[in-house]
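See structure below.
The values are calculated or read from the model by the stated rules, or taken from the named source; none is laboratory data. What you are looking at is a predicted structure, and each value in this text was computed from that prediction instead of being measured. Ideal geometry is used to build each Cβ from the backbone, glycine not excepted, and the neighbour counts take in all protein chains shown. These accessible areas exclude ligands, DNA and RNA; they are computed on the full protein's heavy atoms, side chains included. Shrake-Rupley method; radii C 1.70, N 1.55, O 1.52, S 1.80 Å.
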Amino acid sequence: MYYFIINPNSRSGKGMEIWKRLKERLDREHVPYAAYLTERTGHASELAARLSAHGGGAVPKALVVLGGDGTLNEVLNGLSISSSVTLAYIPCGSGNDFSRGMKLPRHPEKALDRILSSSQVRYIDYGILSYQSKHPAHRRFLVSSGIGYDADVCQNMFTTKLKPFLNRFHMGKLSYLLIGIKRIVLCKSANGCLTLDGGKKVLLKRIRFISAHVQKYEGGGFRFAPGADASDGLLDLCVVSGVSRLGLTFLLLASLFGKHTSCNGVRIYTCREASLSIDRPLLVHADGESCYGQTEIGFRCEQEKIRFLC
């Protein structure tokens, strides 16, 4: 039995059109399924929590997400990790960094082909971001989480009219690049201390951003963590500090090809967990979802806890 969670507004409103095409095939081939359309922010988490709450049967459920990385993140945050639910994904967003990192088919029809024909399950990692809201809070992520410049770009992606326009021409990566260059002028920095695995401390000045990765890509194809492995139990941290705005511009362009790691001001660390304390609030995100401005955050990796149908 396949349980579909569909974001009809994904890919600037084309999610519903894509689902209708896939539904026709499922009906034609008499595939057993149930479908649930998201109606608001957070609804995918509620649906995932309900559908995974009674897992543990002999035959695992297949929970198929149709949407972008944000929809996938909502499902992850509602999912009962200890259940027998197997997660599957049909990319239908503008960034699709998870599917790019996992080497999944880009086209929804081919992604559905793979899901219906495959019985191969891979266990993959997920990350946990810890931060302070009104109370101590946590958010899971499957792609990346970050603080500073990359979170600033993610937040502006939600409000720009450029993104839906470029999505019509399948140019989502360009919207991130253009907004990214614009936000370089306005981006803030902070000084702070990064602690790795509870031991090694790294003092940092003029932090532009720090991103923690389960997957290699972020922002629609920027390879900030070229060595990331989704099943090694480690986070790859991309730390950018002490660079000028011009240097950040070149770094951003170089990251399209994963060549930024040799740029001045860039350091890559691998760890199971990390914590950061900074002297002024910077914006934070998890899989592109805003977690507001923070001065104290933590990252942690949970190894191979997600059953993924690939």
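Laid out as a table, the results:
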{"quantity": "Accessible solvent surface per residue of region 178-217, calculated while the other protein chains remain in place, 1.4 angstrom probe, Å²", "calculated": "46"}
{"quantity": "Nonlocal amide H pairs with Cys291, under 5 Å, H built at 1.01 Å", "calculated": "Val284, His285, Ala286"}
{"quantity": "Net charge, Tyr89 excluded, C-beta distance under 13 Å - Lys, Arg +1, Asp, Glu -1", "calculated": "+3"}
{"quantity": "Largest to smallest accessible area among Met1, Met102 [probe 1.4 Å]", "calculated": "Met1, Met102"}
{"quantity": "Residue-count net charge about Arg183 - beta-carbon cut-off 12 Å; Lys, Arg +1, Asp, Glu -1", "calculated": "+2"}
{"quantity": "Set Lys14/Lys182; Lys216/Lys305; Lys134/Lys182; Lys20/Lys305; Lys23/Lys110; Lys14/Lys259 screened for pairs whose C-alpha atoms are more than 22 Å apart", "calculated": "Lys14/Lys182; Lys134/Lys182; Lys20/Lys305; Lys14/Lys259"}
{"quantity": "Acute angle (nearest 10 degrees) that the helix 108-117 long axis makes with the longest principal axis of the chain, alpha-carbon atoms", "calculated": "60"}
{"quantity": "Sequence-distant residues sharing a close amide H with Ser80 (under 5 Å, placed H)", "calculated": "Ser52"}
{"quantity": "Overall Cα dimensions of region 226-307, principal axis frame, Å, largest first", "calculated": "41, 30, 20"}
{"quantity": "³J(HN,Hα), Karplus 6.51/-1.76/1.60, whole Hz, each residue of region 298-310, x for Gly, Pro", "calculated": "x, 10, 8, 10, 10, 7, 6, 9, 9, 7, 10, 7, 10"}
{"quantity": "Between 0 and 90°, nearest 10: helix 15-28 axis offset from the chain longest Cα axis", "calculated": "30"}
{"quantity": "Accessible-area composition of region 1-125, carbon plus sulfur, in percent [1.4 Å probe]", "calculated": "49"}
{"quantity": "Solvent exposure of region 6-151 as accessible area per residue, Å², 1.4 Å probe", "calculated": "44"}
{"quantity": "³J(HN,Hα), Karplus 6.51/-1.76/1.60, whole Hz, each residue of region 285-296, x for Gly, Pro", "calculated": "9, 9, 6, x, 8, 5, 10, 6, x, 9, 10, 9"}
{"quantity": "Loop-located GluC sites (Glu not before Pro) in region 1-102, at most 14 other Cβ atoms within 10 Å (DSSP)", "calculated": "Glu29, Glu39"}
{"quantity": "Helical contribution to [θ] at 222 nm, DSSP H n ≥ 4, -39,500 (n - 2.57), averaged over the chain, rounded to 500", "calculated": "-9000 deg cm²/dmol"}
{"quantity": "Quarter of the Cα convex hull surface for the chain, i.e. its orientation-mean projected area (nm²)", "calculated": "15.2"}
{"quantity": "Distance between modelled label sites at Glu302 and Ser244, nm, 7 Å Cα→Cβ extension", "calculated": "4.5"}
{"quantity": "Calculated from backbone phi, Karplus (6.51, -1.76, 1.60) coupling profile of region 222-233 in Hz, x at Gly/Pro", "calculated": "7, 8, 5, 10, x, x, 5, 10, 6, 10, 9, x"}
{"quantity": "5 angstrom amide H check on Phe224, placed H, neighbours 5+ away", "calculated": "Glu218"}
